[in-house]
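Q: The following block contains the structure, expressed as C-alpha cells.
The values are calculated or read from the model by the stated rules, or taken from the named source; none is laboratory data. Bear in mind the structure is a predicted one, so any value in this text is a computation, not a measurement. Using ideal geometry, Cβ is built from the backbone for each residue, glycine included, and neighbour counts are taken over all protein chains shown. Each accessible area value is taken on the protein alone, full model and side chains, heavy atoms only, with ligands, DNA and RNA left out. Shrake-Rupley method; radii C 1.70, N 1.55, O 1.52, S 1.80 Å.
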Amino acid sequence: GDQPTSCTTETQHNMAAIATTARALRVVAQRATARSLYQKSEANYESVLDRFARDRVCAVLRTATAEAAPKAMTAAIEGGFKIAEFTLTTPKALDSLADFRQKYDGDVMVGCGTILSTADAEAACDAGAEFIITPVLIPEVVEWCVQRQIVVVPGCQTPTEAFNAYKLGAPLQKIFPGVAGASNWVKAVSNALPMLKLNPTSGVDLDNAADFLMNGAASIGLVAPLFDPVAVQAEDWDQIRANAVKVITNAAKAGPLKR
C-alpha cells in the first residue's frame, strides 16, 4: 500500500523542482529585461569615449536652485563646452538633463553626476544621461554600468582606488577631491600606471587646465572656477560664458587625446 504514496511524493518533488526552476528562469528573464532596458551598443560606448578624448573638458554643474541650472549650463555651452554634467545635488537636475539632451543631442554630450546607487543610475539613464559619474568608488554602480556598456567615471582619491576602478571596468577614473601636487600628482600616477585614464575635477581652474591635460590627465572637469558661485547667484551669465571661453582656449593647447 506504500506505492501510491511514494509516487505522489515523487510527483510533488518533481513539481516543486519544476516550480523552483521556473521561478529561477523568471528571475533571470526579469534581470535580462531590466539589463536590456539600459543596454548600450559597443558603438555607442566607443562614441562616448571618443567624445571625451576629443573634447577633454567637462562642465560640472552644481547650483543651489533649479532655475539657475539651465541658464548657467547654457552660458558654458555658448562659451564652447561640448560635454555637460548635471549633478544630482542640484534641485530638479534630471529635468534639466532631459531638456538639454533633447535640445543639444548630437552636439553636446550630456551626463549625470553624484550618482550614489544603481537606482540613481537608472533614473539618470531614463532622463537621457550619456555617461555616469560618481563622487566616490561604488563598485555596484560601476558593475551595473559595465554590464550595460554605459561609460562610468567613478570618483577616486588614491592611485589604489583609481586602479581598482580600472579593474572593475571603469574606462575613466575621476580624481576627487583635489590632490596635493595637482598636475604633478597626475603626471606621476599616469607615468606609473599608464593604463589609467585620469579625469581630475577638483583643483582644476581656468588657468591650469592645459597643465593637467599635458601632464597625463585624459580629461578634466571644471566645477566652481567655471560656475563661479558669486556669478551664478548674481545671474551674471556673461561671466560664466567668459570663464568657459578662457578654459576652452587654454585646454585647446593640449589638443585631443590619442585613444
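Q: Taking the condition more than 25 Å from PRO159 (Cβ to Cβ), open to solvent by 10 Å² or more (accessible area, probe 1.4 Å) and assigned to a loop (DSSP other than H, G, I, E, B), does LEU206 pass?
A: Values: more than 25 Å from PRO159 (Cβ to Cβ): yes; open to solvent by 10 Å² or more (accessible area, probe 1.4 Å): yes; assigned to a loop (DSSP other than H, G, I, E, B): yes.
Yes: the conditions hold for LEU206.
Q: Could you list, in sequence order, the residues of the stretch 38-58 that are exposed (fewer than 11 other Cβ atoms within 10 Å of the Cβ) and in contact (Cβ under 8 Å) with a residue 12 or more places away in the chain?
A: Taking the stretch 38-58 first, the residues exposed (fewer than 11 other Cβ atoms within 10 Å of the Cβ) are 41-43.
If the condition is that a residue be exposed (fewer than 11 other Cβ atoms within 10 Å of the Cβ) and in contact (Cβ under 8 Å) with a residue 12 or more places away in the chain, then SER41, GLU42 are the ones that fit.
Q: Before we move on, is ALA119 touching a strand residue (DSSP E or B) at 6+ places or on another chain (Cβ under 9 Å) and small (Gly, Ala, Ser)?
A: Working: touching a strand residue (DSSP E or B) at 6+ places or on another chain (Cβ under 9 Å): no; small (Gly, Ala, Ser): yes.
Spelling it out, it is not the case that ALA119 is touching a strand residue (DSSP E or B) at 6+ places or on another chain (Cβ under 9 Å) and small (Gly, Ala, Ser).
Q: Need the failing condition index for SER219 against (1) of a type outside the set (D, E, K, R); (2) under 20 Å from ILE133 (Cβ atoms); (3) surrounded by fewer than 18 Cβ atoms within 10 Å (Cβ to Cβ), just the number.
A: (3)
Q: Another question about this same structure. LEU137 fails exactly one of the following numbered conditions: (1) open to solvent by less than 30 Å² (accessible area, probe 1.4 Å); (2) outside any helix (DSSP H, G or I). What is the number of that condition?
A: Only one criterion is unmet by LEU137, namely (1).
Q: Which one of these is touching a helix residue (DSSP H, G or I) at 6+ places or on another chain (Cβ under 6 Å), over 30 Å from MET214 (Cα atoms) and of a type outside the set (Ser, Thr, Tyr): ALA22, ALA68, ALA64, ALA32? Before you say what the answer is, go through the steps one by one.
A: Details: ALA22 fails: touching a helix residue (DSSP H, G or I) at 6+ places or on another chain (Cβ under 6 Å); ALA64 fails: touching a helix residue (DSSP H, G or I) at 6+ places or on another chain (Cβ under 6 Å); ALA32 fails: touching a helix residue (DSSP H, G or I) at 6+ places or on another chain (Cβ under 6 Å).
Just a single option satisfies the conditions, and that option is ALA68.
Q: Which condition breaks for ALA254 when tested against (1) closer than 30 Å to ALA68 by Cα; (2) touching a residue at least 60 places away in the same chain (Cβ under 8 Å); (3) aliphatic (A, V, I, L, M)?
A: Tallying (1) closer than 30 Å to ALA68 by Cα; (2) touching a residue at least 60 places away in the same chain (Cβ under 8 Å); (3) aliphatic (A, V, I, L, M), ALA254 fails exactly one: (1).
Q: Could you give every pair whose Cβ atoms fall below 7 Å, whose first residue belongs to the stretch 233-250 and is closer than 14 Å to ALA59 by Cβ, and whose second residue is part of a helix (DSSP H, G or I) and open to solvent by 70 Å² or more (accessible area, probe 1.4 Å), counting only separations of at least 6 or pairs across chains?
A: Here the result reads TRP237/LYS71; ARG241/GLU78, each pair linking the stretch 233-250 to a residue that is part of a helix (DSSP H, G or I) and open to solvent by 70 Å² or more (accessible area, probe 1.4 Å).
Q: Sticking with this one: I need a count of the residues in the stretch 130-176 that are farther than 19 Å from VAL48 by Cβ and of a type in the set (Asp, Glu).
A: So the answer is 2.
Q: Among the helices (runs of 4 or more DSSP H) lying completely within the stretch 1-117, list those that include at least 1 residues that are β-branched (Val, Ile, Thr).
A: Working: elements: 3-38, 42-55, 68-78, 93-104.
By residue number, 3-38, 42-55, 68-78.
Q: May I ask you to list pairs of residues, at least six apart or on different chains, whose Cβ atoms are under 6 Å apart, with the first in the stretch 95-113 being free of Cβ contacts under 8 Å to residues at least 24 places away in the same chain and the second being small (Gly, Ala, Ser)?
A: Listed pairs, sorted by first residue: none to list.
Q: Can you find, within the stretch 151-192, the residue that is most open to solvent (accessible area, probe 1.4 Å) among those that are among the aliphatic types (A, V, I, L, M), at negative phi and not in a helix (DSSP H, G or I)? So that I can check it myself, show each step before the final result.
A: First, the residues of the stretch 151-192 that are among the aliphatic types (A, V, I, L, M): 151-153, 162, 165, 168, 170, 172, 175, 179-180, 182, 186, 188-189, 192.
With at negative phi added as a condition, the list becomes 151-153, 162, 165, 168, 170, 172, 175, 179-180, 186, 188-189, 192.
Retained after the next criterion (residues that are not in a helix (DSSP H, G or I)): 151-153, 170, 172, 175, 179-180.
On the way: VAL151: 2, VAL152: 1, VAL153: 1, ALA170: 2, LEU172: 11, ILE175: 2, VAL179: 31, ALA180: 92 Å².
My answer is ALA180.
Q: So, ALA127, is that one crowded, with 18+ Cβ neighbours inside 10 Å, closer than 21 Å to SER41 by Cα and more than 10 Å from the chain's Cα centre (by Cα) or not? Before you say what the answer is, go through the steps one by one.
A: Working: crowded, with 18+ Cβ neighbours inside 10 Å: yes; closer than 21 Å to SER41 by Cα: yes; more than 10 Å from the chain's Cα centre (by Cα): yes.
For ALA127, the condition - crowded, with 18+ Cβ neighbours inside 10 Å, closer than 21 Å to SER41 by Cα and more than 10 Å from the chain's Cα centre (by Cα) - is met.
Q: Related question: Name the one entry in ALA242, ALA224 that is of a type in the set (A, V, I, L, M), modelled with pLDDT of 95 or more and farther than 29 Å from CYS125 by Cβ.
A: Numbers: ALA224 fails: farther than 29 Å from CYS125 by Cβ.
Selected residue: ALA242, the only one of ALA242, ALA224 that is of a type in the set (A, V, I, L, M), modelled with pLDDT of 95 or more and farther than 29 Å from CYS125 by Cβ.
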